[in-house]
Amino acid sequence: MAIVVPESRSYELPEEGQQQAVLAQVEVLPDEEVEFKNEKTGEMKTRTVHPCYFHFELSQEGKDGKRLTARIKLNLSRSDQSNLWQFLQDWKVKEFFEDPTFDLETLVGRNANLTISHTFVQAKNKTYANIKAILPLSAKQKDVLKVRDFVPF
């Protein structure tokens with residue numbers, strides 16, 4: 001039986017700038033061991049992080065008529081130094097800070113304004129779209145997106 005490795009998929013890049021989006025999925029990933037340098041002693045240490053992806057469906061449609069997607073990788077941590085803490089604070093998710101048992105999956109379907117930027121990675125000769133910032137919808141934004149085209153990976 002032949003095992004063929006397919007070429008990596010190419011994805012249509014969303015436009016740079018601000019876009020309305022809806023959270024379509026929170027995907028928990030396997031734990032990762034991360035090496036870091038202790039600021040006080042200078043010695044290298046290892047810690048386990050618990051990563052997840054927040055998958056967003058954007059208001060921008062691709063050439064096929066389906067909405068484009070963007071995702072951000074965050075670590076599941078309640079530390080005020082974590083990227084998840086800052087992300088949810090920027091998004092004004094008060095429930096996360098008020099309830100220690102808050103379920104992140106309840107955010108699926110919640111709308112946001114995302115700032116998308118492009119980064120070119122020379123080693124891979126590829127451009128990636130990155131979520132650089134998140135904000136809640138403004139009071140003037142009445143059109144709320146519903147998850148429509150998202151297919152889990």
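Matching residues to (1) within 17 Å of the chain's Cα centre (by Cα); (2) touching a residue at least 12 places away in the same chain (Cβ under 8 Å); (3) surrounded by fewer than 16 Cβ atoms within 10 Å (Cβ to Cβ):
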site	(1), (2), (3)
GLU35	no, no, yes
LYS40	no, no, yes
LYS45	no, no, yes
HIS50	yes, yes, yes
LEU58	yes, yes, no
ILE72	yes, yes, no
ASP80	no, no, yes
ASN83	yes, no, yes
Identify the single condition in (1) out of contact with any Phe, Trp or Tyr (no Cβ under 9 Å at 6 or more places or on another chain); (2) acidic (Asp, Glu); (3) within 15 Å of PHE150 (Cα to Cα) that GLU27 does not satisfy, given that it satisfies every other one. (1)
Among (1) surrounded by 12 or more Cβ atoms within 10 Å (Cβ to Cβ); (2) out of contact with any Pro (no Cβ under 9 Å at 6 or more places or on another chain); (3) farther than 19 Å from GLN25 by Cα, where does ARG67 come up short? (3)
Determine if region 86-108 includes at least one residue that is at pLDDT 95 or above, surrounded by 14 or more Cβ atoms within 10 Å (Cβ to Cβ) and touching a helix residue (DSSP H, G or I) at 6+ places or on another chain (Cβ under 6 Å). yes
Taking region 92-110 and keeping residues within 16 Å of TYR53 (Cα to Cα) and of a type outside the set (D, E, K, R) leaves LEU104, THR106, LEU107, VAL108, GLY109
PHE150 being in contact (Cβ under 8 Å) with a residue 60 or more places away in the chain, of a type in the set (Phe, Trp, Tyr) and in contact with a strand residue (DSSP E or B) (Cβ under 8 Å, 6 or more places away or on another chain): yes
Of the conditions (1) part of a loop (DSSP other than H, G, I, E, B); (2) surrounded by fewer than 16 Cβ atoms within 10 Å (Cβ to Cβ); (3) touching a His at 6+ places or on another chain (Cβ under 9 Å), the single one that THR127 does not satisfy is (1)
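The values are calculated or read from the model by the stated rules, or taken from the named source; none is laboratory data. On a predicted model such as this, the values are computed, not experimentally measured, just so you know. Cβ: placed from backbone, ideal geometry, glycine included. Neighbour counts: every protein chain shown.
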